[in-house]
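A.B. asks: I have a structure I would like to understand better, so I am pasting it below and will then ask my questions one at a time.
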Protein chains: 2
Amino acid sequence: MTPNILFVMYDQLRFDYLSCAGHPHLDTPNFDRVAAMGVRFTNAYVQSPICGASRMCFYTGRYASSHGAQWNGFPLRVGEQTLGDHLRALGMGCWLIGKTHMRVDAEGMARLGLSPDSEIGARQAECGFDVWTRDDGLWAEGPDGFYDRNRSPYNEYLKSRGYRSENPWADFANAGIDDAGDIASGWMFAHADRPANIREEDSETPWLTREAMTFMDQAKGPWCAHLSYIKPHWPYIVPAPYHDMFGPAHVPPATRHKAERDDPHPVLAAYMAGRVAQAFQRDEVRQKVIPAYMGLIKQCDDQLGVLLDHLERSGRMRDTVIVLTSDHGDYLGDHWLGEKDMFHDPSVKVPMIVYDPRPEADATRGTTCDALVESVDLAATFVEMAGGKVPDHVIEGRSLLPWLRGETPDWRDFAISEYDFSATPHCEALGLEPRDARLFMVFDGRWKLIHAEGGFRPMLFDLATDPEEFHDLAKKPGHEAEIARLYECLARWGRRLAQRVTRSEDQIKAMRGASLRKGILPFLFDGSEVPEELTRKYRGKAPARHVGKEE
Amino acid sequence: MTPNILFVMYDQLRFDYLSCAGHPHLDTPNFDRVAAMGVRFTNAYVQSPICGASRMCFYTGRYASSHGAQWNGFPLRVGEQTLGDHLRALGMGCWLIGKTHMRVDAEGMARLGLSPDSEIGARQAECGFDVWTRDDGLWAEGPDGFYDRNRSPYNEYLKSRGYRSENPWADFANAGIDDAGDIASGWMFAHADRPANIREEDSETPWLTREAMTFMDQAKGPWCAHLSYIKPHWPYIVPAPYHDMFGPAHVPPATRHKAERDDPHPVLAAYMAGRVAQAFQRDEVRQKVIPAYMGLIKQCDDQLGVLLDHLERSGRMRDTVIVLTSDHGDYLGDHWLGEKDMFHDPSVKVPMIVYDPRPEADATRGTTCDALVESVDLAATFVEMAGGKVPDHVIEGRSLLPWLRGETPDWRDFAISEYDFSATPHCEALGLEPRDARLFMVFDGRWKLIHAEGGFRPMLFDLATDPEEFHDLAKKPGHEAEIARLYECLARWGRRLAQRVTRSEDQIKAMRGASLRKGILPFLFDGSEVPEELTRKYRGKAPARHVGKEE
C-alpha cells in the first residue's frame, strides 16, 4: 500500500518543548499520542538553523551548500529538484498548506523562459509544491513596505470574518489591546502576556488546521501534504485561553553559564551582542515571552488533536503517514542568545516524530531512536514510502524506513549543519566579505565542532561531559586530536558527490564499456585485440575517394 | 573597445608539443607568433583531464564538482549558467564552431518543459552556444551503433565533396589504404604512419578553419567564437604531406621510470594495466603514433597560420582577442600511460596563449607568465573583456586580465583538478561504487597531491626535486606535513561557495537591514529601541474586531 504522507512542520519549535521530550511544565498529549503510535527521533538535526535555508533542505533532501539557498530570501535556483519532482514521478501528489519561506528564482526562470503562470513555472516558483494554501505568516510592514510580497490568504480570511484592518494579521492575530485601548503589538515582548485580539478559532493555527482538513476531505490519494504552521514562531502572542495558561513560574532558568561570556568565539560574541540576544538576556523578556511561546505550542497541540481526530474519523489514520517536525528551534535566552542561527541544541536540534500506519512499523510503535538523523532524510523517506528508489545522486539524505521497521542500518557517523550570515549586520561588524560569513557544524553524537570561514578558530563542545554546551574546548589547547578528526569529517563531506545530478549510480554502471561497442577503440595496434565485430565498421575494401564533378 | 574573442581549443594537445614551449623537433611558428604577440601561461591546468568534463569547466567557469558534468556523456544540468548566458547579457554573441562534447540534460529539459526547438532550449542543449557548426569529431561506429547521436556536418561536407561512403569520417578522413587496397583504419596504431585517404584540404582541421573564416566574414561584433578543433585527438592519422614529416627519429624517449611500477597507487596501477596504457608501453606504438600526432599538430599550426593571415587581412587582428588552449594533454606512453585521465603534467597541464590587441596589453607582449592558471579563469576573463563584472558567485575562475596588463594580482595558492572514473571498467576492477571513483588533484606550484576517494592512500609528487613526477612520495612515510597541508587546501576548496548562484555578493550586502525596514523586529521589548517610523504600522487605536454578520 502506498500511504498518504501528512508532513507537518511547526516553525521554531524547540525539540524539548514537548512533554514526550521531557518538558517539565508543558503537556502536549497530542504530540505524545503520535509519538506513542510511531517513532520519536531524539537526535534530529536541521541542515541550517534558519527558516528558509532549513526548509529548502527538507524540500530538496540536499544540504544548504548543495542547493545554494543558504539564507532567507536567497532564491532556490530554478531546476533544483524537490519533493514535488520526485513524488509526482511516482504518482503521488505533493501539496502545500502553509509556509515555505521560499523565494522564487525569478532571474533563472526568465533565463529559461519559464512563466509562473504555467503549471511547470508555478511549481518552480513554489519549490515543487502544488499550492492548496500558501501563507508564510510574516505580514510585517515597515517604512519600506511589506516584508512578504505575496498575497496573504490568512489576511483575506480575517477580512472575510469581519476583522476591519488593512493588515489584520498585524492588528488582530498578532496584537493585543493595551490598557489605553491602543494596539499592543506582539512584536513588542512587553505585550506577550496579553491575549491576542482575535477569536481563538480565527487565529493562525486553527485556521490552517481547517485548511488541511478541507484539503484532505477532497484529496485523492496517494498524496503528500506539507502542512506547515507558522507557529510557535514569533511574534510571541497568543489568543485566550492560551495567553495565561503559563506564567513566570513555568519558565525554566536560562541554560547559560558565565564561562560562555569569557573569551567567546568572535562570531558567537557578535551574536551575543546583537539586539535579539540582548533582549533575551533580560529576565523580564524571558518571563513574558516563554509563557506565550508555551501557549502557542499548547494551541498547536490542541489543533493537532483536532487533526488526529479528523484522521481517525475519516479513516485516514489507517493509510496516512504522519511526520511532526520543525525547521529549527529557539534559544529563548539560553546561551545568552535569542532566536536561532547558531548550533547549540536548542537551535539546531528539532522534534522529529514519524508515524507509519503500515504493519511493518508495528515493532517500533512508541519507541525512540537516537540515531543521528538529518532533515534531508525526510525527502529520501518519502520517496521510499511512495514506492520509489531513492535517487541518491540527487537526494543526499537517507531513508528512515529501516529505523521505523526496527532494523539497524549502517548509518552516518556525523551530522552537518550550516549557517550563512552574510546578509546580517554581523558579517559587516566582523569585517567579513559575504562569502566568508559561513559556519559549518559537524556533530558526531558526542563532539560538536563548529568551523567558521574567515580565519577564525573553531568551537568545540563535548556533549558527553558538558551536555549543556557551556564550555568551548577550542578556547584553549588540549583537544587538537578531536578537532582534527572532526575537520577530517568536514573535509570528507566537502568532497561529497552533490552535483552529479544528471546521472544515477545505476546509469553510470550501465555506461561502462558502452563506448567500446559504439566504436571507440583508442588502444588497437592492429585490431586483433578485440572481437572482430567491434572493428567490422573500420574494415573492408577502401572506397574510391574522388568521384563526380568534385575532382 | 569591446573586442571580439576568438577562443580556439585544440583537443588533446600537450602543453609541450609546441616550439614556443620547447619541443625539440616540432616547429609551430604560428602558435609561436601568437605567443610573441601575447602572453603564454606556462602553468595552466584544466579542471578535469577528460574532454567533456574539462570543457564544461571552460564553458561554465566552474569546477567539475560544481557543475556536475564530471565525465563524458554526463549531461550538463539544465539551467547551469554558461559563457553564452554571461556574454549575451553583456551584448556579446557567443558562437560555437566545432566540438563541445556536451550532452544535453534531456530529462531536466523535459521536467522544465523546454524544447530544443526553441531558442532558449537550443542554447540549453548546446551549453549556451549559438551553433554555427557543431561537430564533435568522433563519428565512431560499432555493433551498438554510432557513439555520437548528432548529425555530422563534417560527414555531410565530405559527401558533398564526393567521398562515397556512409561514414566518410571513418573511411577517408581517419583511414588510409593498406597494401592490399583495404581500409587501414586510423583506429589501429599500426596504420598511423599511412597518409589518410583524403585531400589535405578536406581533412577536419582545414575544413573547420574555413568554417571559422566564413563565420568571421559575416559576423557582427562583438562576438565570442569558440573555434574548437577535433585534432590532434585520436584517431592518430593525418593526410599527406603531414603523414611523413616526422618519424621515429623525432620521437622522444618516454618519460617514464621503473620506480613508477614499483608499488604504484592502486588507481594508477589499474590505469597502467589498462588497454590504452598497455598499448603505449610498446615502443612500436609510440614510434607509429607520435609522428602522426606531431603531423596533426603541424597541420593545426599551418591552419592557424591561415587563420591569422585572414585576421590580418580582414582587420580582425586589431579588434580580436585570440586564445589558444586545449582541453587536456596526452600521455603518449609517458608514465607507462596512454591517453589522459590522470594528473601528471602531460595530461593535466595545457597550452594557454592569450593575445589581447588593446594597448593595455602592450607591456606583456611576448612574455610568459608562470602564475597558477586554471581553465575556469577563461570564463571570468571573457566576461571582463566583454565589459562585465565577474559574477563571482557563479564563475569560480578569476580574470587573467591583470596578468595581461603586467600587474601582479593576489592569486590562488593552489590549482584543483578532478577526475571521475565511475563509468570506466577501472571503477569496477577496483571494487568501487560509482560515487567513490573520484580523484582530486591539489597542486601548489611545487607539490602535487592526488587524493582518491574509496579509502586509498594519496599520491604526492615534488616537482622541484622530481620535475618528471616519477617518485610518488606518499608510498613511504616522511612527508606527512606536506600531505596534511595540501589536504587542508583541498578541504578549504571543498567548503567553497559554489552553489549560492542566485544572489551576488553585492546583492547580499544590499539585503542587510532590509527586513528591519520592512517591519521584521523580533527584538523589541517596548518599541523604544528603534526609531518610531519602524514601528508606526504596529501602533494606533485598537480597531474594532467584530463587525457585521460575522459576530
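The values are calculated or read from the model by the stated rules, or taken from the named source; none is laboratory data. Worth saying up front: this structure is predicted, and the values here are computed from it rather than measured. When we count neighbours, we look across all protein chains shown, and the Cβ atoms used for this are built from the backbone with ideal geometry, even at glycine. Side chains included, ligands, DNA and RNA excluded: accessible areas come from the protein's heavy atoms. Shrake-Rupley method; radii C 1.70, N 1.55, O 1.52, S 1.80 Å.
A.B. asks: Could you pull out the residue among A:Arg545, A:Arg446, A:Arg512 that is out of contact with any Ser or Thr (no Cβ under 8 Å at 6 or more places or on another chain) and at the interface with chain B (Cβ under 10 Å from one of its Cβ atoms)? Explain how you work it out, then say what you get.
C.D. replies: Numbers: A:Arg446 fails: at the interface with chain B (Cβ under 10 Å from one of its Cβ atoms); A:Arg512 fails: out of contact with any Ser or Thr (no Cβ under 8 Å at 6 or more places or on another chain).
Being out of contact with any Ser or Thr (no Cβ under 8 Å at 6 or more places or on another chain) and at the interface with chain B (Cβ under 10 Å from one of its Cβ atoms) holds for just one of A:Arg545, A:Arg446, A:Arg512, which is A:Arg545.
A.B. asks: Kindly indicate the residue of the stretch A:134-147 that is part of a loop (DSSP other than H, G, I, E, B) and either of a type in the set (Phe, Trp, Tyr) or crowded, with 17+ Cβ neighbours inside 10 Å (or both) and also nearest to the chain's Cα centre (by Cα) among those meeting that condition. Even if it seems obvious, please write down each step before you answer.
C.D. replies: Of the stretch A:134-147, the ones part of a loop (DSSP other than H, G, I, E, B) are A:135-140, A:143-144, A:147.
Still in the list and also either of a type in the set (Phe, Trp, Tyr) or crowded, with 17+ Cβ neighbours inside 10 Å (or both): A:135-140, A:147.
Working: A:Asp135: 16, A:Asp136: 14, A:Gly137: 16, A:Leu138: 17, A:Trp139: 21, A:Ala140: 22, A:Tyr147: 21 Å.
Selected residue: A:Asp136.
A.B. asks: Determine whether B:Thr214 is closer than 27 Å to B:Ala380 by Cα, more than 14 Å from chain A (Cβ to nearest Cβ) and β-branched (Val, Ile, Thr). Write out each step before concluding.
C.D. replies: Details: closer than 27 Å to B:Ala380 by Cα: no; more than 14 Å from chain A (Cβ to nearest Cβ): yes; β-branched (Val, Ile, Thr): yes.
Answer is no for this residue.
A.B. asks: Please find, within the stretch A:177-195, the residue that is nearest to B:Ser528 (Cα to Cα) out of those that are more than 8 Å from chain B (Cβ to nearest Cβ) and touching a helix residue (DSSP H, G or I) at 6+ places or on another chain (Cβ under 6 Å).
C.D. replies: Of everything passing the filter in the stretch A:177-195, A:Ala192 is nearest to B:Ser528 (Cα to Cα).
A.B. asks: Which numbered condition in (1) at pLDDT 95 or above; (2) more than 48 Å from the chain's Cα centre (by Cα); (3) open to solvent by 10 Å² or more (accessible area, probe 1.4 Å) is the only one that B:Ala544 fails?
C.D. replies: Tallying (1) at pLDDT 95 or above; (2) more than 48 Å from the chain's Cα centre (by Cα); (3) open to solvent by 10 Å² or more (accessible area, probe 1.4 Å), B:Ala544 fails exactly one: (1).
A.B. asks: Let me ask something additional. Considering only residues that are of a type in the set (Ser, Thr, Tyr) and open to solvent by 10 Å² or more (accessible area, probe 1.4 Å), look in the stretch B:44-101 and name the one that is farthest from the other protein chains (Cβ to nearest Cβ). Break it down stepwise before answering.
C.D. replies: Keep residues of the stretch B:44-101 that are of a type in the set (Ser, Thr, Tyr), which gives B:45, B:48, B:54, B:59-60, B:63, B:65-66, B:82, B:100.
Keeping just the survivors that are open to solvent by 10 Å² or more (accessible area, probe 1.4 Å) gives B:63, B:65.
Values: B:Tyr63: 9, B:Ser65: 6 Å.
Of everything passing the filter in the stretch B:44-101, B:Tyr63 is farthest from the other protein chains (Cβ to nearest Cβ).
A.B. asks: Residues in the stretch B:79-113 that are under 15 Å from the mean Cα position of the chain (by Cα) and basic (Lys, Arg): how many? First the steps, then the outcome.
C.D. replies: Here is the first cut: in the stretch B:79-113, the ones under 15 Å from the mean Cα position of the chain (by Cα) are B:82-83, B:96, B:98-103.
Filter again for basic (Lys, Arg), leaving B:99, B:103.
So the count comes out to 2.
A.B. asks: Test of understanding: among A:Asp193, A:Asp202, A:Asp244, which residue is touching a Pro at 6+ places or on another chain (Cβ under 9 Å) and open to solvent by less than 10 Å² (accessible area, probe 1.4 Å)?
C.D. replies: Numbers: A:Asp193 fails: open to solvent by less than 10 Å² (accessible area, probe 1.4 Å); A:Asp244 fails: open to solvent by less than 10 Å² (accessible area, probe 1.4 Å).
None of the others qualify; the one that does is A:Asp202.
A.B. asks: So which pairs qualify, if the first residue must be in the stretch B:268-282 and over 17 Å from B:Pro458 (Cα atoms) and within 12 Å of another protein chain (Cβ to nearest Cβ), the second must be part of a helix (DSSP H, G or I) and of a type outside the set (Asp, Glu), the Cβ gap must be under 7 Å, and the two must be at least 6 apart or on different chains?
C.D. replies: Within 7 Å, the pairs are B:Gly274/B:His426; B:Ala277/B:Tyr271; B:Ala277/B:Trp336; B:Ala279/B:Phe189; B:Ala279/B:Val285; B:Phe280/B:Arg286; B:Gln281/B:Trp336.
A.B. asks: Within the stretch B:204-235, can you find the residues that are part of a loop (DSSP other than H, G, I, E, B) and in contact with a Leu (Cβ under 7 Å, 6 or more places away or on another chain)? Working first, answer last.
C.D. replies: So in the stretch B:204-235, the residues part of a loop (DSSP other than H, G, I, E, B) come out as B:219-222, B:229-235.
Hits for the stretch B:204-235 are B:Tyr229, B:Lys231, B:Pro232.
A.B. asks: Another question about this same structure. Tally up the residues in the stretch A:357-393 that are open to solvent by less than 10 Å² (accessible area, probe 1.4 Å) and either within 14 Å of chain B (Cβ to nearest Cβ) or acidic (Asp, Glu) (or both), please.
C.D. replies: Total satisfying the criteria: 2.
A.B. asks: Filter the helices (runs of 4 or more DSSP H) completely within the stretch B:47-133 down to those with at least 2 residues that are free of Cβ contacts under 8 Å to residues at least 40 places away in the same chain. Lay out the reasoning, then the answer.
C.D. replies: Numbers: elements: B:51-60, B:64-67, B:83-89, B:106-111, B:119-125.
The qualifying helices (runs of 4 or more DSSP H) are B:106-111, B:119-125.
A.B. asks: Another one. Filter the stretch B:457-471 down to residues that are under 26 Å from B:Trp71 (Cα atoms) and open to solvent by less than 50 Å² (accessible area, probe 1.4 Å), then give me how many there are. Write out each step before concluding.
C.D. replies: The initial filter retains those residues of the stretch B:457-471 that are under 26 Å from B:Trp71 (Cα atoms), namely B:457-461, B:469.
With open to solvent by less than 50 Å² (accessible area, probe 1.4 Å) added as a condition, the list becomes B:458-461, B:469.
Selection size over the stretch B:457-471: 5.
A.B. asks: While we're looking at this one, here's another question. Within the stretch A:484-503, is there a residue that is surrounded by fewer than 14 Cβ atoms within 10 Å (Cβ to Cβ), at pLDDT 95 or above and among the polar types (S, T, N, Q)?
C.D. replies: Within the stretch A:484-503, not a single residue is surrounded by fewer than 14 Cβ atoms within 10 Å (Cβ to Cβ), at pLDDT 95 or above and among the polar types (S, T, N, Q).
A.B. asks: Working carefully through the options B:Ala273, B:Ala249, find the one that is open to solvent by less than 80 Å² (accessible area, probe 1.4 Å) and not hydroxyl-bearing (Ser, Thr, Tyr).
C.D. replies: Working: B:Ala249 fails: open to solvent by less than 80 Å² (accessible area, probe 1.4 Å).
Going through B:Ala273, B:Ala249 in turn, the sole match is B:Ala273.
A.B. asks: I'm checking my understanding of the structure. Among residues of the stretch A:103-119 that are open to solvent by 60 Å² or more (accessible area, probe 1.4 Å) and of a type in the set (A, V, I, L, M, F, W, C), which one is farthest from A:Ala219 (Cα to Cα)?
C.D. replies: As a first pass, look at the stretch A:103-119 and keep what is open to solvent by 60 Å² or more (accessible area, probe 1.4 Å): A:103, A:106-107, A:110-111, A:116-117, A:119.
When the remaining residues are screened for being of a type in the set (A, V, I, L, M, F, W, C), the result is A:106, A:110.
Numbers: A:Ala106: 30, A:Ala110: 33 Å.
Residue satisfying both the conditions and the ranking: A:Ala110.
A.B. asks: Can you tell me which residues in the stretch B:12-29 are open to solvent by less than 10 Å² (accessible area, probe 1.4 Å) and under 14 Å from B:Gln303 (Cβ atoms)?
C.D. replies: B:Leu13, B:Thr28
A.B. asks: Just give me the residues in the stretch B:312-337 being over 29 Å from B:Tyr271 (Cβ atoms) and among the β-branched types (Val, Ile, Thr), in sequence order.
C.D. replies: Of the residues in the stretch B:312-337, the ones over 29 Å from B:Tyr271 (Cβ atoms) are B:312-323.
Correct list: B:Thr320, B:Val321, B:Ile322, B:Val323.
A.B. asks: Now a separate question. Please work out if A:Ser160 is closer than 22 Å to A:Leu227 by Cβ and over 25 Å from the mean Cα position of the chain (by Cα). Even if it seems obvious, please write down each step before you answer.
C.D. replies: Details: closer than 22 Å to A:Leu227 by Cβ: yes; over 25 Å from the mean Cα position of the chain (by Cα): yes.
Judged against the criteria, A:Ser160 is a match.
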